[in-house]
């Protein structure tokens, strides 16, 4: 229940901050999200070259961030089911590695706004070379409830933890 | 009162389930133990602890799965025997039953898997601070560091199923 309420609030706040239109691609998200309510933008550096960070994104994102999550909420009088599909995309270029994550509610959440077929963008992570074998991570995403994803991505970027975030814990 | 009764019944159900009365088929685990599973989960109250389980399926040539049973991974070190030389499907599930909210959730890591005869497989399973990890390492008969086994999605299976490599 908390997840749904937060997701709905974030979507409404995000759309309000974007003049009533959901970003339809990662570039639109980069431009719109940092100024939106309940969204954040932060950056940090890791002590690994971009090539290794990109390889970690390419390996871990499809394994860890793809899939459907089914949440069941039960009370004494009712029960509800929310089914959500997550889709990551990793784009690696010579000067940047990108990780996008989209989320689509397939059941249990009413869609009010148009969104891309694979769902609305919830975060975009860009990795840039920072010299001396270091990489700068630029992260744009929700400011609440998604810490487990941020910690996982940080683990992949640093190479210190290759685990997957439990997507049922979002929110 | 009604809610209290329901809650008490739910607690009893979960307790019975954790005691092995859930009715889910237990994996016989009678074969040579070629899998050594090391597990680590954040422990809390016994009622709220994340539970880890391994479901074992047989994969036939039509890529269809036949459930063979579940192993509750409730010890830091456990041994499991998976048939060598044929494909199985392993499903590691971390579940988190919440008694107070009446909600539950689970997340799983799955792979096609075919152990090679004579080889051992070291499997590290962890769930800490909402981040889970499953890693499989193949150890050859002569020992050594071995190699990491890549996870293989069931969607890679196309009937008639023919293994592209002798193992993984």
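The values are calculated or read from the model by the stated rules, or taken from the named source; none is laboratory data. Just so it is clear, the structure is predicted and the values come from calculations on it, not from any experiment. Neighbour counts are summed over all protein chains in view; Cβ atoms, including those assigned to glycine, are modelled from backbone coordinates with ideal geometry.
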Some residue of the range A:19-37 being farther than 21 Å from residue A:145 by Cα, surrounded by 15 or more Cβ atoms within 10 Å (Cβ to Cβ) and in contact with a helix residue (DSSP H, G or I) (Cβ under 9 Å, 6 or more places away or on another chain): no
Residue among B:43, B:95, B:18 that is surrounded by fewer than 17 Cβ atoms within 10 Å (Cβ to Cβ), under 16 Å from the mean Cα position of the chain (by Cα) and at pLDDT below 75: B:18
Filtered residue count, the range B:58-96, keeping only those that are assigned to a strand (DSSP E or B) and in contact with a helix residue (DSSP H, G or I) (Cβ under 9 Å, 6 or more places away or on another chain): 5
Members of the range A:148-171 that are assigned to a loop (DSSP other than H, G, I, E, B), within 7 Å of chain B (Cβ to nearest Cβ), touching a residue at least 40 places away in the same chain (Cβ under 8 Å) and closer than 13 Å to residue A:86 by Cα: none
Residue count for the range A:54-79, restricted to those that are within 10 Å of chain B (Cβ to nearest Cβ), in contact (Cβ under 8 Å) with a residue 12 or more places away in the chain and part of a strand (DSSP E or B): 5
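May I ask you to list the residues in the range B:141-152 that are assigned to a strand (DSSP E or B) and within 14 Å of chain A (Cβ to nearest Cβ)? Give the derivation first.
Within the range B:141-152, the first condition is being assigned to a strand (DSSP E or B), and the residues that meet it are B:147-148.
Within the range B:141-152, B:148 is the sole residue that qualifies.
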Members of the range B:130-140 found to be crowded, with 16+ Cβ neighbours inside 10 Å and either within 14 Å of chain A (Cβ to nearest Cβ) or touching a residue at least 40 places away in the same chain (Cβ under 8 Å) (or both), listed by number: B:130, B:131, B:132, B:133, B:134, B:135, B:136
When residues of the range B:110-119 are limited to those that are surrounded by 19 or more Cβ atoms within 10 Å (Cβ to Cβ) and part of a strand (DSSP E or B), the one nearest to the other protein chains (Cβ to nearest Cβ): B:111
Out of A:93, A:145, sole residue that is surrounded by fewer than 19 Cβ atoms within 10 Å (Cβ to Cβ) and either within 14 Å of another protein chain (Cβ to nearest Cβ) or in contact (Cβ under 8 Å) with a residue 40 or more places away in the chain (or both): A:145
